[in-house]
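Below you will find the structure I want to go over with you.
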Amino acid sequence: MKHYRTGPETKRLHHRAFTVDDAEAFFVLNSNPDVMRFTGELLVPSLEVAIEAIAGYPDFDEVGYGRWACVLKKTQTVIGFCGLKYLPDLDAVDLGYRFLPEFWGQGIATEACRANLEFGFRELRLDQIVGLVLPDNAASIRVLEKVGMQPEGDMVYDGMKVLRFAKRR
Ligand SMILES: CC(C)(COP(=O)(O)OP(=O)(O)OC[C@H]1O[C@@H](n2cnc3c(N)ncnc32)[C@H](O)[C@@H]1OP(=O)(O)O)[C@@H](O)C(=O)NCCC(=O)NCCS
């Protein structure tokens, strides 16, 4: 298995694995209620938990890829994450993304998602990539539509009703 520690480069972003040095940025992102509102996840409560989450994230070792830290080239700071995650319970690879509110509305999620889909299809040779989104997350649904993912109806995932989108190679 090939292990990818860096991901695609876009006009404005680098993608790379999180390290514990990113814990502060990870904490700021994942403890913001506006960011977490439609993710179905609990807020990260402390810097210590952020460090543990990064240090214990298994995907890059076990699967070879995962959700990348998105580094804004202009400032060299981590402004969010985007990337692919293998979901064993669905036997599917999921596109996920999350950015700091001050960067919303500039096409950054769309830019990152396009690059990650291309990475998944060209580099990882995936046949299909899915996107799961809460029905009220209009901005995220719009992003999935803009990157060409097709709606496949709803399903229950992690105890929540979600909309499933998918794109094939
Ligand atoms: C969802 C999210 C990643 C979008 O990031 P972004 O960089 O602002 O996305 P983009 O600028 O590429 O595109 C957003 C699109 O949604 C649209 N949009 C934003 N808010 C909207 C709303 N409330 N209703 C409908 N459309 C909305 C924008 O107009 C834009 O579409 P357009 O280009 O056709 O005008 C960002 O809001 C976020 O991080 N949210 C919190 C985490 C999250 O919910 N992640 C997804 C979990 S599935």
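In the stretch 26-47, is there at least one residue being more than 13 Å from the ligand (Cβ to nearest atom) and on the phi > 0 side of the Ramachandran plot?
no
Could you say which residue among Leu29, Leu95, Leu90, Leu84 is farther than 25 Å from Arg168 by Cβ and either at pLDDT 95 or above or among the β-branched types (Val, Ile, Thr) (or both)? Full working, then the answer.
On the way: Leu95 fails: farther than 25 Å from Arg168 by Cβ; Leu90 fails: farther than 25 Å from Arg168 by Cβ; Leu84 fails: farther than 25 Å from Arg168 by Cβ.
Going through Leu29, Leu95, Leu90, Leu84 in turn, just one is farther than 25 Å from Arg168 by Cβ and either at pLDDT 95 or above or among the β-branched types (Val, Ile, Thr) (or both): Leu29.
May I pose another question? Among residues belonging to the stretch 117-136 that are within 12 Å of the ligand (Cβ to nearest atom) and touching a residue at least 60 places away in the same chain (Cβ under 8 Å), point out the one that is surrounded by the most Cβ atoms within 10 Å (Cβ to Cβ).
Here the residue is Val133.
Can I ask one more? State all residues of the stretch 82-107 that are in contact (Cβ under 8 Å) with a residue 24 or more places away in the chain, near the ligand (Cβ under 9 Å from one of its atoms) and more than 15 Å from Ala166 (Cβ to Cβ); if no residue qualifies, say none.
Cys82, Tyr97, Arg98, Phe99, Leu100, Pro101, Phe103, Trp104
Going through Glu48, Glu9 one at a time, which residue ends up being assigned to a helix (DSSP H, G or I) and farther than 20 Å from Pro101 by Cβ?
Glu48
Sort through Phe119, Phe99, Phe38, Phe103 and tell me the only one that's within 16 Å of Arg5 (Cβ to Cβ) and of a type in the set (Phe, Trp, Tyr).
Phe119
Is there any pair with a first residue in the stretch 21-44 that is over 22 Å from Gly159 (Cβ atoms) and a second that is surrounded by 15 or more Cβ atoms within 10 Å (Cβ to Cβ) and among the basic types (Lys, Arg) whose Cβ atoms are under 9 Å apart and which are 6 or more apart or on different chains, and what are they?
Listed pairs, sorted by first residue: Leu29/Arg98.
Scan Ala55, Ala139 and give me the residue that is away from the ligand (no atom under 16 Å from the Cβ), exposed (fewer than 14 other Cβ atoms within 10 Å of the Cβ) and either farther than 15 Å from His15 by Cβ or not polar (S, T, N, Q) (or both).
One residue alone meets the criteria, Ala55.
The values are calculated or read from the model by the stated rules, or taken from the named source; none is laboratory data. As the structure is a prediction and not an experimental result, all values here were calculated from the model. Glycine gets a Cβ as well: all are built from the backbone with ideal geometry, and neighbour counts include every protein chain shown.
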